[in-house]
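*Asks:* Dumping the structure here so I can ask a few things about it.
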Amino acid sequence: MTDLRSGVRDDFAEVFGREPDGVWSAPGRVNLIGEHTDYNLGFVLPFAINRRTVAALGLREDRRVRVGSTFADELVELDLDALGPDALGGWSAYPLGVAWALGQFGADLEAVPGFDLLIDSNVPVGAGLSSSAAIESAVALALNDVWRLGFDRQTLAKVGQRAENVAVGAPTGIMDQSASLLGEADSAVFLDCRSLDAQVVPLGLEQAGLEIVIIDTGVTHAHATGGYADRRASCEAGAKALGVESLRDVSVADLDRAREVLDDVTFRRVRHVVTEDQRVLDTVRTLREHGPAAIGELLDASHVSMRDDFEISVPELDLAVETAQANGAIGARMTGGGFGGSAIALVPTDAVSRVQVAIDGAFAEHSFGQPDVFTVRASQGAQRES
Ligand code: ADP
Ligand code: MG
């Protein structure tokens, strides 16, 4: 992290020929439980991880904007007056979409100066750990500071979401940005996606001798296309057929009626969301009453629901989950939007290397690509670094 921070400062000086005004950072996130519940206005329980995106930013005297990233070999330039969803594309739609979205939330973009911005990151891209929220949140916090906008973190989360929905064109919910902006060390963020009420819930992993192992399958997913939008449409159709505003308004007890009203596929999509909401509530209660060693079955049940009802898993994710479970994990599930990305496993510290070795072996045996298996800690959210 120290390297990333000082590295981006040095890179900024090299690229732009001057010092930045400051360096900001924001983490990626892992969702402990609550998948595809966010846009259904339900509950999620993500935590910020110790993988971060850093943003070095310096204001300019004119209205130019220049942005670069170690992720991309190009410097994107435009005028603040030209900022708008139609003018943005590619990776720079994330940081520049945030600048535009701040205006949508009331910042007077005609009264602010342009800026030079350089991004670096150690959040794996497209792995389901939300490199997208990390870049959005780092840039949102940076611009909020240098432009002296005074938005609170909940609003900055909405700004990041707006950028991703409109400037990038990915119909994602508010979870990722909330985790990245509101996370705290060794804690998860229990988020009500309807009220946007957020509570920090201590995880107590260290004290319990437990680690979160990430298994990045290397199978890439694309939010802007395909399955994610399709599942979202199914949920909307299900809510409409049941006469409710969103699936948040459907309880586990309502599922019998839902089965009669809905076709089989829509019913199973709805059942995933409704039971997943309940599992999030159960996980928060279990964490508070019994600690993290007691949440394994909830994680396992979440995976089964995503695999069989929501149908967003892939063979690599199923293998990762099953292998972890068979080698000492207390619980495991795929995490993120699905169709690739990562699985998480809750593993006693002394079983971590056994799980790692077993997953490597199982993937080789199935001729799947080499997975990236590593542990993450629940970490503090976005912050100014210097
Ligand atoms: P995820 O959020 O799961 O990592 P997404 O597809 O939602 O995957 O977001 C990844 C995209 O976000 C990248 O393709 C890129 O356009 C943008 N992005 C993420 N991190 C960076 C970065 N450090 N520099 C530039 N663009 C980034
Ligand atoms: Mg993303």
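The values are calculated or read from the model by the stated rules, or taken from the named source; none is laboratory data. Given the structure is predicted, the values throughout are model-derived calculations rather than measurements. Cβ atoms come from the backbone with ideal geometry, glycine included; neighbour counts cover every protein chain shown. With ligands, DNA and RNA removed, areas are computed over all heavy atoms of the protein, side chains included. Shrake-Rupley method; radii C 1.70, N 1.55, O 1.52, S 1.80 Å.
*Asks:* Under a GNM of the chain (C-alpha, springs under 10 Å), which listed residue has the highest mean-square fluctuation: V244, V219, V44?
*Replies:* V244
*Asks:* Right, something else. Short version: ³J(HN,Hα) in whole Hz for each residue of region 20-26, in order, from phi by Karplus 6.51 cos²θ - 1.76 cosθ + 1.60 (θ = phi - 60°), x for Gly and Pro, what are they?
*Replies:* Those phi angles translate into x, 6, x, 10, 10, 9, 8 Hz.
*Asks:* How big is region 87-173 by the Kirkwood estimate over distinct Cα pairs, in Å?
*Replies:* Kirkwood hydrodynamic radius for region 87-173: 13.0 Å.
*Asks:* As an exercise, find the ratio Rg/Rh for the chain from alpha-carbon atoms, using the Kirkwood inverse-distance average for Rh.
*Replies:* The Rg/Rh ratio comes out at 0.98.
*Asks:* Please list the three semi-axes, largest first and in whole Å, of the ellipsoid equivalent to region 262-353, using sqrt of 5 times the eigenvalues of its alpha carbon gyration tensor.
*Replies:* That gives 23, 18, 8 Å for the three semi-axes.
*Asks:* Moving to a separate point now. Give me the net charge for the shell around A157: Cβ to Cβ below 14 angstrom, other residues only, Lys and Arg +1, Asp and Glu -1.
*Replies:* Net charge around A157: -3.
*Asks:* With a sphere of radius 11 Å drawn around the Cβ of Q104, what net charge do the other residues whose Cβ falls strictly inside it have (Lys, Arg +1; Asp, Glu -1)?
*Replies:* Local charge sum for Q104: +2.
*Asks:* Tell me the carbon and sulfur percent of the accessible area for the chain, rounded to whole percent, probe radius 1.4 Å.
*Replies:* Whole-percent figure for carbon plus sulfur exposure: 46.
*Asks:* A follow-up question, please. Post the alpha-carbon centroid distance, region 362-386 to region 1-64, in whole angstrom.
*Replies:* Each part reduced to its Cα centre gives a spacing of 17 Å.
*Asks:* Now for a separate question. Excluding E206 itself, what net charge comes from residues whose Cβ is under 15 Å from its Cβ, given Lys and Arg +1 and Asp and Glu -1?
*Replies:* -3
*Asks:* 5 Å is the cut-off here: which amide hydrogens, built 1.01 Å from N in the peptide plane, fall below it relative to A378, excluding neighbours closer than 5 in sequence?
*Replies:* When sequence neighbours closer than 5 places are left aside, the close amide H contacts are D186.
*Asks:* Please name whichever of L141, I359, A72 sits farthest to the positive end of the charge dipole of the chain, dipole taken about the Cα centre and charges placed at Cβ: Lys and Arg +1, Asp and Glu -1.
*Replies:* Value computed over the given set: L141.
*Asks:* With all distinct Cα pairs included, what does the Kirkwood hydrodynamic radius of region 1-82 come out to in Å, to one decimal, could you say?
*Replies:* Computed over region 1-82, the radius equals 15.3 Å.
*Asks:* Picking from E136, E365, E35, which is most flexible by a Gaussian network model of the chain using Cα springs under 10 Å?
*Replies:* The residue that fluctuates most here is E365.
*Asks:* Given all pairs of different Cα atoms, what value in angstroms does the Kirkwood hydrodynamic radius of region 158-216 take?
*Replies:* 13.2 Å is the Kirkwood radius here.
*Asks:* Using DSSP, restrict attention to beta bridges with both residues in the chain and report what percent are antiparallel, rounded to the nearest 5.
*Replies:* Bridges in the chain are about 90 percent antiparallel.
*Asks:* Another question, then. Quick check: convex hull of the Cα atoms in region 27-129, volume per residue, rounded to a whole Å³?
*Replies:* Dividing the Cα hull volume of region 27-129 by its residues yields 127 Å³.
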